[in-house]
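Down below is the structure, laid out as structure tokens.
The values are calculated or read from the model by the stated rules, or taken from the named source; none is laboratory data. Being a predicted model, the structure only gives us computed values, none of them experimental. Glycine also receives a Cβ, built like all others from the backbone with ideal geometry; neighbour counts cover every protein chain displayed.
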Protein chains: 2
Amino acid sequence: MASRTPSPTADRAERTAAPDRGAAGERPRRRLSVDERREQLIAVALELFSRRPPEEVSIDDIAAAAGASRPLVYHYFPGKQALYEASLRRAGRELSARFEEPMEGPLSERLYRVMGRYLDFVQSHGPGFAALLRGGSVAASAGTSAVIDEVRRAAHDQILAHLAIPAPSPGLRLTVRAWIANAEITSLEWLAERSVPLEELQLHLVQEFVASLTLTAAREPALAAELASFFADERPDGPTGRLVQDLAALFAVPGILDAVTALAAGPQTVGPVDEASAQATEGTAGAPAE
Amino acid sequence: MASRTPSPTADRAERTAAPDRGAAGERPRRRLSVDERREQLIAVALELFSRRPPEEVSIDDIAAAAGASRPLVYHYFPGKQALYEASLRRAGRELSARFEEPMEGPLSERLYRVMGRYLDFVQSHGPGFAALLRGGSVAASAGTSAVIDEVRRAAHDQILAHLAIPAPSPGLRLTVRAWIANAEITSLEWLAERSVPLEELQLHLVQEFVASLTLTAAREPALAAELASFFADERPDGPTGRLVQDLAALFAVPGILDAVTALAAGPQTVGPVDEASAQATEGTAGAPAE
């Protein structure tokens, strides 16, 4: 445990005090400025925390990887948790920057490109942060939650900006947040099992977004016009086009076509039979009467 | 801080030592057996932890609500974290029990009933456990993670049992896990904002499962036969029937119908133009060459 009390003015103090000069055995190297040194320590910590869970990374590991002394690291950061949170903030900013995408071209192709960059990030930084995202990490704190929430908010805001729907309904916002959770969980599962190629995951996540958007529009007639212009901009060989073709092929399978056609026709019987059937649908957990 | 060391034999010891008799001011009440007392303390703790975040519940609160002394609580549990975890385990068992559903009737109606019971649980226990599920709770630990993972596994296993697909593919398992995450996130968001009626959420979550299952079958032709029998068992006035009707209405909107029909026809141009278009789809994040 370091007894040194960290302070916001420590950076400035080092300009004259140079506390790292005294560390025995440190290799001579170009002297870093205070800001450079801080950034370097964060970069080194991010690299280590990206590969291993926080409990397997020590301040000594970080000091060694940075070519710095343990007291120097403590001069900049009060302890491992602070360095962990600083590196997570850096990772969060880096990830949020990857969500930015020009407002051009079919929406599903924009999202496809973003997901390529997101999954690339997951591959390089995910292993160390997986426990944090899953919950139950020893390093979880109000600080780490705030970073994660901010990244989710950035993703949510980017998606809504690209959808360009003037006043997104609560239902649409919920759809976007649920899809973001889906992307998180799916990529964490992928990290653990790698059961499908990464580029399949990239395509599937985009297609799941298209499906969720369509379902939301099916519930909210106000979104029908937006959905029409969404589909009108899509291309046959893009993620949406390929999804539509796969579904068309699936629904052309005779058994499926017949069953879906019967469902689409709606309840054909009327009167008492219909009512009994409706009651059966409500089931034991019946919706509250209004 | 209690200095008493908890031990697995403490329950047995109490039968003769009766350590709660000495607590001054305790109201006389029917003496509970050791097991009853332990269960009562867990029940009282669960009630309190369901309503408030763990940092707002003290051992004194629990003792007061249980009509017990603080030393008595410490006799059964080493501290608040242990009581929190015991109450979470109880909640987890209670929730997992709600997933059990007879293997009868259309699948979407079974899931609809389960979701009714799940959302009822979320309403009554969710407020206190929301921070834990979102990550970043001060009470998060390896113990709490294990309980949460077990509930997710129970949900996953129940769904696969109802789907009755002999050897579920990795893609199908991923679909199920992602949908479970969707249900979690969506219900936590609902707890925070209550922006739609609960019975709508119940229906939407089931319909999203149907959509995810359909998308998975569109990717995995081996599932087509399973999907055909799934749709064949569904009823027009059940969640799947209503989804199909809503989608049919949506796709009958002229702009949407035209755009989707054009996409379903696939790329109509061949040769160089098609190739250029395919490259554009790959975009800047292009899939790795194989």
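Scan region A:85-121 for residues that are free of Cβ contacts under 8 Å to residues at least 12 places away in the same chain, within 15 Å of residue A:46 (Cβ to Cβ) and of a type outside the set (Lys, Arg) and jot them down. Matches in region A:85-121: A:97 only.
In this structure, residue A:200 does not qualify as assigned to a helix (DSSP H, G or I), within 7 Å of chain B (Cβ to nearest Cβ) and out of contact with any helix residue (DSSP H, G or I) (no Cβ under 6 Å at 6 or more places or on another chain). The number of residues in region B:232-253 being within 7 Å of chain A (Cβ to nearest Cβ) and outside any helix (DSSP H, G or I) comes to 6. Put simply, of B:30, B:21 the only residue that is surrounded by fewer than 16 Cβ atoms within 10 Å (Cβ to Cβ), at pLDDT below 90 and in a loop (DSSP other than H, G, I, E, B) is B:30. Across region B:203-231, the qualifying residues are those that are among the charged types (D, E, K, R) and in a helix (DSSP H, G or I), and the one among them that is nearest to the chain's Cα centre (by Cα) is B:208. Contact annotation: residue pairs with Cβ atoms under 6 Å, 6 or more positions apart or on different chains, pairing a residue in region B:60-84 that is touching a residue at least 12 places away in the same chain (Cβ under 8 Å) with a partner that is in a loop (DSSP other than H, G, I, E, B) and among the basic types (Lys, Arg), are B:74/B:4. With the condition kept exactly as written, say whether any residue in region B:155-177 is at the interface with chain A (Cβ under 8 Å from one of its Cβ atoms) and of a type in the set (A, V, I, L, M). Yes: one or more hits. Scanning region A:93-134 for residues that are β-branched (Val, Ile, Thr) and facing chain B (nearest Cβ under 9 Å) yields a count of 1. Might you check whether a residue that is assigned to a helix (DSSP H, G or I), modelled with pLDDT of 95 or more, surrounded by fewer than 20 Cβ atoms within 10 Å (Cβ to Cβ) and among the basic types (Lys, Arg) occurs anywhere in region B:55-74? For region B:55-74, residues assigned to a helix (DSSP H, G or I), modelled with pLDDT of 95 or more, surrounded by fewer than 20 Cβ atoms within 10 Å (Cβ to Cβ) and among the basic types (Lys, Arg): present.
A count restricted to region B:169-191 and to residues that are over 13 Å from residue A:181 (Cβ atoms), at pLDDT 90 or above and among the hydrophobic types (A, V, I, L, M, F, W, C) stands at 2. Looking across region A:33-54, the residues that are surrounded by fewer than 16 Cβ atoms within 10 Å (Cβ to Cβ) and under 21 Å from residue A:131 (Cβ atoms) come down to A:51, A:52. Listed conditions (1) in contact with a Lys or Arg (Cβ under 9 Å, 6 or more places away or on another chain); (2) modelled with pLDDT of 90 or more are all met by residue B:79, apart from (1). Restricting attention to region B:37-59, the residues that are closer than 16 Å to residue B:86 by Cα and without any contact (Cβ under 8 Å) to a residue 12 or more places away in the chain add up to 1. Screening region B:192-205 for residues that are surrounded by fewer than 16 Cβ atoms within 10 Å (Cβ to Cβ) and under 15 Å from residue B:115 (Cα atoms) and picking the one that is modelled with the highest pLDDT gives B:200.
Condition check: at the interface with chain B (Cβ under 7 Å from one of its Cβ atoms), surrounded by fewer than 21 Cβ atoms within 10 Å (Cβ to Cβ) and among the hydroxyl-bearing types (Ser, Thr, Tyr). Does residue A:229 satisfy that? Judged against the criteria, residue A:229 is not a match. Taken residue by residue, region A:140-148 has no member that is closer than 26 Å to residue B:195 by Cα, in contact with a His (Cβ under 6 Å, 6 or more places away or on another chain) and more than 8 Å from chain B (Cβ to nearest Cβ).
Screening residue B:256 against (1) more than 7 Å from chain A (Cβ to nearest Cβ); (2) surrounded by 12 or more Cβ atoms within 10 Å (Cβ to Cβ); (3) modelled with pLDDT of 50 or more leaves a single unmet condition, (1). Among the residues making up region B:217-226, a single one is surrounded by 22 or more Cβ atoms within 10 Å (Cβ to Cβ) and in contact with a Ser or Thr (Cβ under 7 Å, 6 or more places away or on another chain): B:223.
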